[in-house]
1. Filter the range 139-185 for residues that are farther than 16 Å from ALA32 by Cβ and among the acidic types (Asp, Glu); which is surrounded by the most Cβ atoms within 10 Å (Cβ to Cβ)?
2. Can you name the helices (runs of 4 or more DSSP H) wholly within the range 86-185 that have at least 1 residues being over 17 Å from the mean Cα position of the chain (by Cα)?
3. Among MET53, MET47, which is modelled with pLDDT under 95, buried (at least 16 other Cβ atoms within 10 Å of the Cβ) and not in a loop (DSSP other than H, G, I, E, B)?
4. Conditions: (1) touching a helix residue (DSSP H, G or I) at 6+ places or on another chain (Cβ under 8 Å); (2) of a type outside the set (Ser, Thr, Tyr); (3) under 19 Å from VAL73 (Cα atoms). MET121 meets all but one. Number of the miss?
Amino acid sequence: MKEIRVHARAGQGAITTANLLGAAIFAEGRYALAFPHFGAARMGAPMNAFIRMDDKEIRLRTQIDQPDYILVVDSTLMRGFDVFSGLKDGGIALVNEKEGAPMPSVDSANVYSVPANDIAMEIIGRPLGNTSLLGAFVAAAGEVELEHLEAAILKQFAGKAGVGEKNVEAARRGFEYFKGKYSRA
């Protein structure tokens with residue numbers, strides 16, 4: 001079983017991020033479980049979402065303390081929280097880069113920054129970099145095919161004029177950004 005922890009603030013789409021990834025995993029014929037965890041129930045409060053994926057049915061319903069992957073939607077959370085806590089050896093963390101925010105080094109794990117909000121602003125017109133970050137995750141982890149993520153995005157935003165297509169483009173750009181910047185290393 002592989003586990004993913006998403007760090008964000010309430011209102012930044014972490015639940016949608018987890019659901020999109022879960023749907024893409026499910027579309028590949030695997031099992032997925034996506035669920036949120038809230039602290040204070042207010043807009044902007046730190047929160048987590050979790051995703052588990054496996055080839056067999058998932059019965060474990062607890063929070064994820066030792067993830068294989070971490071997605072940090074809001075890099076300001078790195079100031080007050082150890083968002084990398086429990087990241088497994090060889091794990092991957094993707095951070096939505098904020099200009100001027102120092103990228104930490106994590107022993108025995110790989111931390112990558114992605115300008116997800118910048119990509120989203122350019123394509124969607126709003127600083128909601130979740131789908132860009134998911135595209136980068138697909139490139140970094142190799143756990144999900146980009147076409148399945150794209151299909152999940154289109155289904156999630158069906159009937160919302162152009163929203164699905166713009167988010168698919170943002171996911172592609174996140175994927176391409178990661179491949180272009182990090183895959184040559």
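1. In this case the residue turns out to be GLU150.
2. 116-123, 146-156, 163-182
3. Answer to the check: MET47.
4. Evaluating MET121 over (1) touching a helix residue (DSSP H, G or I) at 6+ places or on another chain (Cβ under 8 Å); (2) of a type outside the set (Ser, Thr, Tyr); (3) under 19 Å from VAL73 (Cα atoms) leaves (1) as the failure.
Conditions (1) in contact with a Leu (Cβ under 8 Å, 6 or more places away or on another chain); (2) at pLDDT 95 or above; (3) closer than 23 Å to TYR31 by Cβ, marked per residue:
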site	(1), (2), (3)
LYS98	no, no, no
ALA101	no, no, no
ILE123	no, yes, no
GLY135	yes, yes, yes
LEU149	yes, yes, yes
ALA158	no, no, no
GLY162	no, no, no
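The values are calculated or read from the model by the stated rules, or taken from the named source; none is laboratory data. Being a predicted model, the structure only gives us computed values, none of them experimental. FYI the Cβ positions are ideal-geometry reconstructions off the backbone, even for glycines, and counts take in every protein chain you see.
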